[in-house]
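The structure under discussion appears below in the form of structure tokens.
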Amino acid sequence: MEKSDLPVEAPSVLKQSSYQNIKGFDCVDLENGNDHNRLGNATSDKESKGESVAISESTKLDGQDIAISIPPMMPLSSLSLSLPSSPSGLHIGQTKLVVYPEKCRNTNQNNPTNQNPQISRQKQFRSQPILVVEGTKRKLVRSETMRDSRFDPFKTWSGKLERQISNLRGMPTEEEALEAGETKRHETEEAPGVDRYFDALEGPELDTLRATEVSVLPEDEKWPFLLRFPVNAFGMCLGVSSQAILWKTLNTSPVMSFLHISPIPNLILWWASLVLMVFVSFLYLLKIVFYLEAVKREYHHPVRANFFFAPWIACLFLSLGVPPSIAANLQPIIWYILMAPLFIFELKIYGQWMSGGHRRLSKVANPSNHLSIIGNFIGALLGANMGLKEGPIFFFAVGLAHYMVLFVTLYQRLPTNATLPKELHPVFFLFVAPPSVACMAWAKIQGEFDHGAKILYFIALFLYMSLAVRVNFFRGFRFSLSWWAYTFPMTGASIATIKYTTAVTNIMTRSLSLCLSAISTFTVSTLLVYTIIHAFVLQDLFPNDISIAITKKKPKFSKMLAQFRSSSSDSKDFDYSISKGLEF
């Protein structure tokens with residue numbers, strides 16, 4: 001028997017369900033000629049009463065009459081079936097014939113020529129999820145069975161595991177195959193070049209999307225948490241761990257003994273900073289595991305690349321601030337372990353500054369570049385505390401050479417002449433951090449707070465005062481993670497002042513040490529409270545990270561997009577609809 005002679009069995013789910021009760025099921029009223037599609041509400045009077053209708057008609061096919069009848073069906077619970085309106089590609093008018101297999105099996109076997117050749121040749125189609133558009137909310141509501149693939153390009157496995165689990169239920173559909181091919185193409189592409197970041201983003205920190213650009217991810221809804229968790233969150237670890245060093249210095253410094261500081265604050269702050277460091281590191285490791293593409297984009301970002309120094313600097317702070325009750329002296333092997341990754345990062349970053357390519361210093365210079373400098377001075381300070389000689393001098397020399405170049409470059413503001421946004425004004429306090437730590441490192445290497453250490457300290461003190469007198473410069477803007485840039489530079493200046501007071505002891509230096517320490521502690525305490533409120537109460541601490549969601553090529557319609565954004569209040573829907581057509 002040929003394959004075409006076999007009767008076509010109707011699926012069991014269709015035998016047991018009434019099509020009148022299923023919303024979104026395509027049906028045809030043969031008596032009135034009405035086509036009831038899935039979005040329409042037209043039904044016959046009998047259908048509205050929920051009655052089962054038995055339809056019979058005689059249709060002439062190839063010169064013979066075939067009696068077709070549909071037995072009444074008992075209405076069951078409504079099922080969510082999503083079927084294509086015309087799977088065979090034939091117009092509904094050409095296939096009004098509905099064959100009930102139980103009644104017509106004998107007729108089909110006796111008359112093989114009665115079968116429509118077009119119907120016999122048509123492919124079998126499986127049910128597909130259907131997107132329903134709600135006109136009032138102006139957004140797409142996806143079926144529960146459809147996987148959200150908009151964030152797949154940023155995922156480590158790009159949703160492969162989810163598709164494999166879905167495919168266990170049946171063969172992959174054509175749309176899933178196209179999606180898999182598109183995802184595979186995304187995986188082979190590299191992160192955008194540095195020029196693309198400058199073209200698509202604006203502001204000295206390059207975290208604001210230009211009006212002529214569009215994001216590859218939806219801007220009108222909140223992204224997954226790990227995708228919004230930035231690498232600059234390690235700034236919180238820097239702030240809290242530097243406070244542990246401050247309170248350890250207040251406790252152990254002879255010139256501050258009149259305060260009678262207990263070692264308990266140092267112990268509490270050190271454990272708190274250790275827990276915070278572990279927690280933030282764990283979250284970012286999860287981001288590396290699940291959203292590796294997003295981490296790559298942060299690493300290639302001209303500004304975010306500097307924050308990859310922050311985890312290792314925080315570990316150096318923890319080593320410097322360890323309470324005497326836990327460890328009086330640390331083993332030198334810890335210094336080598338912590339300085340090895342910093343040295344590798346510096347070889348890459350400093351080499352890019354010097355090579356004159358797309359990432360030359362005159363193009364990518366910004367206040368966050370100080371993070372790549374501070375690690376050298378902190379490493380030199382820790383190594384000198386451990387009794388090392390050559391290693392600390394080496395890193396101090398490397399840091400000093402690149403700090404002088406960076407300091408001049410940032411003063412000239414070569415990369416951009418744009419005014420620094422208010423949300424980023426606290427980043428200017430990073431200017432204070434390198435000379436503050438450098439003076440302490442040099443004093444420890446030399447064994448005394450000599451003239452070289454005093455020169456570096458006075459530079460830091462002048463920069464601190466030049467920023468502190470500009471009160472209006474740091475008021476009237478919303479809270480953000482950039483506020484943590486206040487903390488460890490101010491703390492570093494406080495510790496350096498205490499060290500200077502040890503060499504030059506008088507009422508003025510002691511008062512200055514006490515004043516700067518109080519300001520630093522108050523700032524960290526306030527920011528910690530604000531961070532907890534915004535993270536757990538307001539839940540707006542980590543907004544969508546637009547800086548990693550830029551397209552790899554500039555949109556051809558950039559001028560039209562800029563005009564549309566300036567004239568239309570509904571630009572978010574427009575951005576989302578056109579971003580899907582861009583090359584990621």
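Looking only at segment 292-308, decide whether some residue is open to solvent by 20 Å² or more (accessible area, probe 1.4 Å), closer than 15 Å to Gly239 by Cβ, touching a Leu at 6+ places or on another chain (Cβ under 7 Å) and hydrophobic (A, V, I, L, M, F, W, C). Walk me through it before giving the result.
Restricting attention to segment 292-308, the residues satisfying the condition of being open to solvent by 20 Å² or more (accessible area, probe 1.4 Å) are 292-293, 296, 299-300, 304, 307-308.
Retained after the next criterion (residues that are closer than 15 Å to Gly239 by Cβ): 307.
After this cut, where a residue has to be touching a Leu at 6+ places or on another chain (Cβ under 7 Å) as well, the list is 307.
Those still in the list that are hydrophobic (A, V, I, L, M, F, W, C) too: 307.
So far as segment 292-308 goes, yes, one or more of its residues are open to solvent by 20 Å² or more (accessible area, probe 1.4 Å), closer than 15 Å to Gly239 by Cβ, touching a Leu at 6+ places or on another chain (Cβ under 7 Å) and hydrophobic (A, V, I, L, M, F, W, C).
Among the residues of segment 387-396, what is the count of those that are more than 15 Å from Pro341 (Cα to Cα) and assigned to a helix (DSSP H, G or I)?
Let us first name the residues in segment 387-396 that are more than 15 Å from Pro341 (Cα to Cα), namely 387-390, 392-394, 396.
Still in the running and assigned to a helix (DSSP H, G or I): 390, 392-394, 396.
So the answer is 5.
So Ala211 ticks every box in (1) part of a helix (DSSP H, G or I); (2) within 21 Å of the chain's Cα centre (by Cα); (3) small (Gly, Ala, Ser) but one. Which box is left unticked?
Result: Ala211 fails condition (1) only.
Which ones in segment 493-507 are in contact with a helix residue (DSSP H, G or I) (Cβ under 9 Å, 6 or more places away or on another chain), assigned to a helix (DSSP H, G or I) and open to solvent by 60 Å² or more (accessible area, probe 1.4 Å)? Steps first, please.
Let us first name the residues in segment 493-507 that are in contact with a helix residue (DSSP H, G or I) (Cβ under 9 Å, 6 or more places away or on another chain), namely 493-505.
Next, only the ones that are assigned to a helix (DSSP H, G or I) stay: 493-503.
Correct list: Lys499, Thr502.
Does Ser253 qualify as being free of Cβ contacts under 8 Å to residues at least 12 places away in the same chain, surrounded by fewer than 19 Cβ atoms within 10 Å (Cβ to Cβ), more than 25 Å from Arg304 (Cβ to Cβ) and of a type in the set (Ser, Thr, Tyr)?
Working: free of Cβ contacts under 8 Å to residues at least 12 places away in the same chain: no; surrounded by fewer than 19 Cβ atoms within 10 Å (Cβ to Cβ): yes; more than 25 Å from Arg304 (Cβ to Cβ): yes; of a type in the set (Ser, Thr, Tyr): yes.
Criteria not met by Ser253.
All but one of (1) crowded, with 24+ Cβ neighbours inside 10 Å; (2) at pLDDT below 90 hold for Arg475; which doesn't?
(1)
Please determine, by comparing only the residues of segment 428-443 that are open to solvent by 10 Å² or more (accessible area, probe 1.4 Å) and within 12 Å of Ala380 (Cβ to Cβ), which one is farthest from the chain's Cα centre (by Cα).
Among them, the one singled out is Ala443.
Filter segment 333-386 down to the residues that are hydrophobic (A, V, I, L, M, F, W, C) and outside any helix (DSSP H, G or I), then identify the one that is modelled with the highest pLDDT. Steps first, please.
Start the filter on segment 333-386 by keeping residues that are hydrophobic (A, V, I, L, M, F, W, C), which leaves 333-335, 337-340, 342-345, 347, 349, 353-354, 361, 364-365, 371, 373-374, 377-378, 380-382, 384, 386.
Keeping just the survivors that are outside any helix (DSSP H, G or I) gives 365, 386.
Details: Ala365: 83, Met386: 94.
Applying the filter and picking the extreme gives Met386.
From Leu342, Leu338, which residue is of a type outside the set (Val, Ile, Thr), buried (at least 16 other Cβ atoms within 10 Å of the Cβ) and more than 26 Å from the chain's Cα centre (by Cα)?
Of Leu342, Leu338, the one residue that is of a type outside the set (Val, Ile, Thr), buried (at least 16 other Cβ atoms within 10 Å of the Cβ) and more than 26 Å from the chain's Cα centre (by Cα) is Leu338.
Please enumerate the residues belonging to segment 427-449 that are under 17 Å from Ala397 (Cβ atoms) and either of a type in the set (Lys, Arg) or outside any helix (DSSP H, G or I) (or both). First the steps, then the outcome.
Going through segment 427-449, the residues under 17 Å from Ala397 (Cβ atoms) turn out to be 434-435, 437-446.
If the condition is that a residue be under 17 Å from Ala397 (Cβ atoms) and either of a type in the set (Lys, Arg) or outside any helix (DSSP H, G or I) (or both), then Lys444 is the only one that fits.
Within segment 256-272, can you find the residues that are at pLDDT below 95 and open to solvent by less than 10 Å² (accessible area, probe 1.4 Å)?
Once the filter is applied, which keeps residues that are at pLDDT below 95 and open to solvent by less than 10 Å² (accessible area, probe 1.4 Å), segment 256-272 yields only Met256.
Being open to solvent by 20 Å² or more (accessible area, probe 1.4 Å) and touching a residue at least 60 places away in the same chain (Cβ under 8 Å) is the filter; apply it to segment 521-550 and report the residue that is farthest from Ile268 (Cα to Cα). Working first, answer last.
Within segment 521-550, the subset open to solvent by 20 Å² or more (accessible area, probe 1.4 Å) is 521-523, 525-526, 528-530, 532-540, 542-544, 546.
Adding the requirement that they be touching a residue at least 60 places away in the same chain (Cβ under 8 Å) leaves 521, 528, 542-544, 546.
Working: Thr521: 14, Leu528: 15, Phe542: 27, Pro543: 30, Asn544: 33, Ile546: 36 Å.
Among those residues, the one meeting the criterion is Ile546.
The values are calculated or read from the model by the stated rules, or taken from the named source; none is laboratory data. From a predicted model like this one, the values you see are computed outputs, not experimental measurements. Don't worry about glycine lacking a Cβ; one is built from the backbone with ideal geometry, like all the others, and counts go over all protein chains shown. The area values use the complete protein model at the heavy-atom level, side chains included, leaving out ligands, DNA and RNA. Shrake-Rupley method; radii C 1.70, N 1.55, O 1.52, S 1.80 Å.
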